[in-house]
1. Of the residues Ser235, Ser151, Ser159, which is hydroxyl-bearing (Ser, Thr, Tyr), crowded, with 22+ Cβ neighbours inside 10 Å and modelled with pLDDT of 90 or more?
2. Hey, can you tell me all the residues within the stretch 67-83 that are over 16 Å from Val102 (Cβ atoms) and surrounded by fewer than 19 Cβ atoms within 10 Å (Cβ to Cβ)?
3. What number of residues within the stretch 272-293 satisfy the criterion of being under 31 Å from the mean Cα position of the chain (by Cα) and surrounded by fewer than 17 Cβ atoms within 10 Å (Cβ to Cβ)?
4. Exactly one condition in (1) buried (at least 19 other Cβ atoms within 10 Å of the Cβ); (2) touching a helix residue (DSSP H, G or I) at 6+ places or on another chain (Cβ under 7 Å); (3) hydrophobic (A, V, I, L, M, F, W, C); (4) farther than 30 Å from His410 by Cα is not met by Leu33; state its number.
5. Taking interchain pairs and intrachain pairs at least six residues apart, which have beta carbon atoms under 9 angstrom, with the first residue in the stretch 222-237 and more than 9 Å from Asp274 (Cα to Cα) and the second near ligand 1 (Cβ under 6 Å from one of its atoms) and assigned to a helix (DSSP H, G or I)?
6. For the stretch 215-232, enumerate the residues that are under 20 Å from Asp333 (Cβ atoms) and either open to solvent by 30 Å² or more (accessible area, probe 1.4 Å) or of a type in the set (A, V, I, L, M, F, W, C) (or both).
7. How do the pairs read when you match residues in the stretch 418-439 that are closer than 17 Å to Trp173 by Cα and touching a residue at least 12 places away in the same chain (Cβ under 8 Å) with residues anywhere that are surrounded by fewer than 16 Cβ atoms within 10 Å (Cβ to Cβ) and acidic (Asp, Glu), using Cβ under 8 Å and keeping only pairs 6 or more apart or on different chains?
8. Considering only the stretch 187-240, state which residues are more than 20 Å from the chain's Cα centre (by Cα), aliphatic (A, V, I, L, M) and within 16 Å of ligand 1 (Cβ to nearest atom).
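The values are calculated or read from the model by the stated rules, or taken from the named source; none is laboratory data. Being a predicted model, the structure only gives us computed values, none of them experimental. Please note: Cβ atoms are built from the backbone with ideal geometry, for glycine as well, and neighbour counts cover all protein chains shown. Heads up: the accessible areas ignore ligands, DNA and RNA and are worked out on the full protein's heavy atoms, side chains in. Shrake-Rupley method; radii C 1.70, N 1.55, O 1.52, S 1.80 Å.
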Amino acid sequence: MSGLASITTDTIAAIATGAGKAGIGVVRVSGPLAVDIAHAITGETLAVRHAHYLPFQKEDQQTLDVGIALLFKAPHSYTGEDVLELQGHGGSVVLDMLLSRVLECGARMARPGEFTERAFINDKIDLAQAEAVSDLIDSSSVSAAQAAVRSMSGEFSKSIVAVQSELTALRAWLEAALDFSEEEIDFLADPQLAKRAELIVEQFELLLDRASQGQRLREGLTIVIAGMTNAGKSSLLNALSGEDSAIVTDIEGTTRDVLHEQITLDGVPMHIVDTAGLRDTQDAVEQEGINRARRAIDAADHVLVLVDAERLSLPSLDIADGLPATLVVSKIDLARNEADADGNLPDEQVQQLLHDAQSAAKQFSDLSAERVISVSVKTGQGMDSLKQHLLSLVGHDAQVEGAFIARRRHLDALSKAKHASLAALDRLRTSDMPELAAEELRQAQLALDSVTGRFDSEDLLGEIFGSFCIGK
Ligand SMILES: Nc1nc2c(ncn2[C@@H]2O[C@H](COP(=O)(O)OP(=O)(O)OP(=O)(O)O)[C@@H](O)[C@H]2O)c(=O)[nH]1
Ligand SMILES: [Mg+2]
């Protein structure tokens, strides 16, 4: 990262702990002046990696606070530079005074994320790990925090490096084979090559699964509520968000705009979207609402198709094939006479509904009665099951292999790399200009490099580290 190395010549400082009163507050200093600053403030020559309990002094040697000073020498520190941590009392005035004292000694205020940026520049961590530090601090659920720790400690990066080395090896082989292309033996026709490319593609698929799950935990899903007019869509949005944001009436076609609500379930963010009821209409305004509803459905991560328990009829859905959807029977309280105590509808009605759902959309082709969720916003019945279901879509409780916290840019890079490898695989399999496979693999490598930050532009780095909190 030679272009950035120059900024590490100065010494930076910041309050590293959160605002407000606390038992302890930390001022962190990093850079070549850290040792001198330690000496100026403590009056002592500090032993490295030792907790020294002593007074922190002003310039006139008056005591400013009493606390613990810790010194780390480069490269064995968070940033890879000399680092001083002054642990004082956690009041904002006393910490401000301590920080001012440090600045007086020649440090400057750190920008947000600058400590982690230096750790990256000094090769202590790669870019994906640096981003995970910020995601760990920001994580709003235990699952997201666990996924962030996994990425921060380098599991995600290691998996990427593993595919990288496979890619490099295969590329080297291909390029060597091209040099021999005049020879008798056609190295490029070796079926082992395609086999190896296949394994690479498989690894990308695995990586994408784990990273997508992490990205869902971090950013949440966009869940669109769709259905016929009056199915109870707006009521469900209000019930999930706990706000009265959408207008609810018994008039069909009440909602005409697309309404968004941001909610958190067990700390997991979700974007819930209410839409206009899907029906044939002559009303131009309502028709525009329906067009918008269809666009919202197309942009969704998941669709909740709401069916009123009284009518049990589905709209014409038109959902793209790959888009996952859940069938939700609403107003189950109104079906009480027919439903059992748990709100389960009579068998023949369920069978009819399943049949209709299966013909309305491919996503319901293997739908079974157990996977239909019944709710009533009036009695609250089924609402917990629905929330659990939404959480399971995010992979909140999944004890699977373990998600890696990831961002949209990581997913984009991984899928670019996967597609380039697939293209290489195709060439090797069909012997369609196999010499171009090496170039496809090079593209895959470039895409992967952008995840770990090997060749990234300063603009991207500025954007990533600028979103950190100060002191990290
Ligand atoms: N009994 C009962 N009534 C409900 C329930 N959910 C919604 N309703 C009623 O059903 C009617 C329609 O509700 P909305 O939430 O406006 O339905 P919608 O699907 O948004 O309707 P449009 O915006 O017109 O497409 C209102 O009178 C609601 O009070 C429920 O769980 N039980
Ligand atoms: Mg509505």
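1. Ser151
2. Lys73, Ala74, Pro75, His76
3. 2
4. Exception for Leu33: condition (2).
5. Gly227/Lys233
6. Scanning the stretch 215-232 gives Ile225, Met228, Asn230, Ala231.
7. Short answer, once both residue conditions are applied: Leu425/Glu198; Ala438/Glu175.
8. Ile225, Ala226, Met228, Ala231, Leu236, Leu237, Ala239, Leu240
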